[in-house]
Amino acid sequence: MKPESYTIEKHDLIDDNNICTNDPLIEPLIDTDELKSINDNDETINRFERKYTSLTTLHSHKEIQTKSTCSQIITRCTGIFYALFASFLFTCSGFIIKQLRVDFFDALFGRLTVQSFILLTFTLCKTKKFIHGSTKLIILQIIRAILAASGLILFFGSYRYLPLPDLTTCRYTQVIWTAILAMIIFHERISISTLVAIIFTLTGVTLVAQPTFLFNHNNNQILSNQSKIILNKTDVIDYESDKSYRLLGLCLALGCALSISGSMVINKKLLMSKIP
């Protein structure tokens, strides 16, 4: 006799309903609780996998956010460092000119010659045109250049008539003028943080510079007498001791602050216009 052959098809799979109708000899070998536990284990494994994937995605997003914030902080700190270093160099150059008592036009000529050469080389290497944009933007660029140049000339011109602390204090009033011009032109509201920053800036500059019109120094008379003796030996006129020239120097310093504030406001306007 030939043994009968059996084929297992797909619909003959074991499930909970078929177990109850099976042969009683086979039925005890399979427990329904075991199948339920297997299904429960599969569900828990799937749940754990979903939680793991969600946690990994959240962790990756947090890493990307921390990297972006770190890069933003680094770029901002580098900008602050460049600004502080530039102000330090600018102050050093002014202090040297003041101590050497050279004519400010001679010092300005040498500085502008080197500066023009560097800027011309950079412009020729990066772009092909000196002025870009529409007619309105070109006019704004010309006005900005005139204001920046006049501010620099007024700053060096006031060196002759003012002591360095007084000039520094008047020069850094540009913070107030910039906020006022931005409020008038761009209709920007001056926030409380801006007001606090302006007050602290002016207070710090005044306390560090200690201008003679606010602080009475005991050795002012001695220093003025020494400067008069030195100037008499070198046949140079002392403009700082004359009150009329002192008023002229204050006007020049305030004009310098206003010119630089106007150039900064126009800079913002040009950046908002996105010059090509």
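All but one of (1) under 16 Å from Leu270 (Cβ atoms); (2) modelled with pLDDT of 80 or more; (3) surrounded by fewer than 18 Cβ atoms within 10 Å (Cβ to Cβ) hold for Arg144; which doesn't?
(3)
Any chance segment 215-238 includes a residue that's under 24 Å from the mean Cα position of the chain (by Cα) and either modelled with pLDDT of 70 or more or part of a helix (DSSP H, G or I) (or both)? It would help to see each step written out before you state the result.
Initial filter on segment 215-238 (under 24 Å from the mean Cα position of the chain (by Cα)): none.
There is no residue in segment 215-238 that is under 24 Å from the mean Cα position of the chain (by Cα) and either modelled with pLDDT of 70 or more or part of a helix (DSSP H, G or I) (or both).
Do any residues in segment 184-212 that are under 18 Å from Leu167 (Cα atoms) have Cβ atoms under 9 Å from those of residues that are assigned to a loop (DSSP other than H, G, I, E, B) and among the hydroxyl-bearing types (Ser, Thr, Tyr), where the two are at least six apart or on different chains, and which pairs are they?
The qualifying pairs are Thr201/Tyr172; Leu202/Tyr172; Leu202/Thr173; Val205/Tyr172; Val205/Thr173; Thr206/Tyr172; Ala209/Tyr172.
Filter segment 91-126 for residues that are among the polar types (S, T, N, Q), modelled with pLDDT under 80 and surrounded by 11 or more Cβ atoms within 10 Å (Cβ to Cβ) and give the result. Write out each step before concluding.
Initially, segment 91-126 is screened for residues among the polar types (S, T, N, Q), giving 91, 93, 99, 113, 115-116, 121, 123.
Narrowing further to those that are modelled with pLDDT under 80: 91, 93, 99, 123.
Of everything in segment 91-126, those that are among the polar types (S, T, N, Q), modelled with pLDDT under 80 and surrounded by 11 or more Cβ atoms within 10 Å (Cβ to Cβ) turn out to be Thr91, Ser93, Thr123.
Exactly one condition in (1) within 27 Å of the chain's Cα centre (by Cα); (2) assigned by TED's automatic domain parsing to the domain that holds Lys274 is false for Leu120; which is it?
(2)
From the list Gly151, Gly79, pick out the single residue that is within 30 Å of Ile198 (Cα to Cα), at pLDDT 80 or above and in a helix (DSSP H, G or I). It would help to see each step written out before you state the result.
Numbers: Gly79 fails: at pLDDT 80 or above.
Answer to the selection: Gly151.
The values are calculated or read from the model by the stated rules, or taken from the named source; none is laboratory data. Quick caveat: nothing in here was measured; it's all calculated off a predicted structure. Glycine also receives a Cβ, built like all others from the backbone with ideal geometry; neighbour counts cover every protein chain displayed.
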